[in-house]
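All remarks here apply to the structure that follows.
The values are calculated or read from the model by the stated rules, or taken from the named source; none is laboratory data. Source: prediction; values computed, not measured. So basically every Cβ, Gly included, is an ideal-geometry build from the backbone, and we count neighbours across all protein chains shown.
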Amino acid sequence: YLWIWNYVSWFVGDLAEKEEGTKTSDDAPNIHPTLSKSQVRKWYREKYSPECLERHDFDPFSIDTLDLSFLSCHLNGLAWEYCLESKSSEVVCNEFHYARHTTENKDLYEVDFVRYIDRLARKTILFHQPKKYTTNPKTAVLFKGHFLSIVPALRSRYPSAKFVTVLRDPCDRLKSAINYTAVNPSISPIMNLRNHGHWQTLATTLEEIEAEYCLQELKTFSTANSDSGRFLSIHYDALVTPSKQKDTIRAIQGWIVGSEGSLAPVQSKAGKSNAKKPLANAKKAKKTKKYTVDKTLHELGIDEINYRNHLSEYTDYMNEIGKKKKIA
């Protein structure tokens, strides 16, 4: 039914950024006369708490974490409710783990999720080029998410697929993951921020998942295992430091599609993003933030020294990548 989506992009068109009913380009011939992207953003963000919005933009017209949305639609996110009530990480590790999947979930990840990605990719390309029935052979579809556990399945389906990862200090990663999850809408209705037991369960669960993710990331992206030229590691600072960000984004895009290619990013919810600047909103420039909810690892009872020692190889690899003068 791909031809239907081609018609959809013609009849629906794109939404104006702010000025309602204004034609912004030839790629958006039929802009809705009463709705703008700013209005949609305002409506969409109303359901998120201020504490949550401090940590994530939740922009429906920006690229976002695909696997978490997919799993939530399959009710896997309910595992967090059981986790907090039972004080056990087992269900989350089996149903919402972003470094691996269980045998019971094999078809969900390796078949259903890959099909979902394939369908979104086809529709995205059509939506980016509504006037054409054939696409630029150098157009690549960009997804953001945790795909480590399905790398073999994706490489089997798409032999020319490329994978980019952002390496970050493991303790900073863990601290951010715990605090963000605590205020995320998937868990916030049952998460009592004043309940020490809830925090302990959350910290224990994510400490296990994050550590396993880092080790799997190292195994997948280290130089010894990525001689195919299909894997690229980026240091977190190169992406968020203002003086480095522009060159980093340009290097990533060049590595993926070359100087003549184009990227078609798959967005969070709906609408057509700016195909000319697909990575413009990938990361905001690094700046000091003060969060309302911001527990330290010490407050959460996590031994930072032991955690760092456990992930010393990952940290060494991250530092090695950070010293490179050329990104790609």
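When every residue of region 25-38 is checked against the conditions, none turns out to be at negative phi, under 20 Å from the mean Cα position of the chain (by Cα) and at pLDDT 75 or above. For region 57-66, a residue qualifies if it is modelled with pLDDT under 85 and surrounded by fewer than 18 Cβ atoms within 10 Å (Cβ to Cβ), and exactly one does: 60.
Would you pick out the residues in region 95-143 that are charged (D, E, K, R), at pLDDT 90 or above and buried (at least 18 other Cβ atoms within 10 Å of the Cβ)? If the condition is that a residue be charged (D, E, K, R), at pLDDT 90 or above and buried (at least 18 other Cβ atoms within 10 Å of the Cβ), then 110 is the only one that fits. Annotation note: of 260, 210, the sole residue that is modelled with pLDDT of 95 or more and among the charged types (D, E, K, R) is 210.
Taking the criterion of being more than 19 Å from the chain's Cα centre (by Cα) and within 16 Å of residue 254 (Cα to Cα), the only residue of region 151-174 that qualifies is 160.
If you take just the helices (runs of 4 or more DSSP H) that sit entirely in region 29-105, which of them hold at least 2 residues that are not assigned by TED's automatic domain parsing to the domain that holds residue 198? So that I can check it myself, show each step before the final result.
Working: elements: 37-45, 50-53, 66-73, 79-86, 90-95.
The qualifying helices (runs of 4 or more DSSP H) are 37-45.
Pick from region 67-83 the residues that are in contact with a Gly (Cβ under 9 Å, 6 or more places away or on another chain) and surrounded by fewer than 20 Cβ atoms within 10 Å (Cβ to Cβ): which of them is farthest from residue 186 (Cα to Cα)? Walk me through how you get there before you give the answer.
Restricting attention to region 67-83, the residues satisfying the condition of being in contact with a Gly (Cβ under 9 Å, 6 or more places away or on another chain) are 67-71.
Adding the requirement that they be surrounded by fewer than 20 Cβ atoms within 10 Å (Cβ to Cβ) leaves 68-70.
Values: 68: 10, 69: 10, 70: 13 Å.
Only one residue tops the list, namely 70.
Those residues that are modelled with pLDDT of 90 or more and under 22 Å from the mean Cα position of the chain (by Cα), I need them from region 67-91; list them, please. Across region 67-91, there are no qualifying residues.
You will find that of 165, 181, the residue that is under 15 Å from residue 65 (Cβ atoms) and either outside any helix (DSSP H, G or I) or touching a strand residue (DSSP E or B) at 6+ places or on another chain (Cβ under 9 Å) (or both) is 165 and no other. Among residues of region 251-274 that are closer than 20 Å to residue 116 by Cα and among the hydrophobic types (A, V, I, L, M, F, W, C), those with a beta-carbon under 7 Å from a residue that is at pLDDT below 70 and part of a helix (DSSP H, G or I) at least six positions away or on a different chain give the pairs 264/128.
With respect to residue 51, determine if the residue is surrounded by 14 or more Cβ atoms within 10 Å (Cβ to Cβ), more than 30 Å from residue 115 (Cα to Cα), modelled with pLDDT of 85 or more and not hydrophobic (A, V, I, L, M, F, W, C). So residue 51 passes the test.
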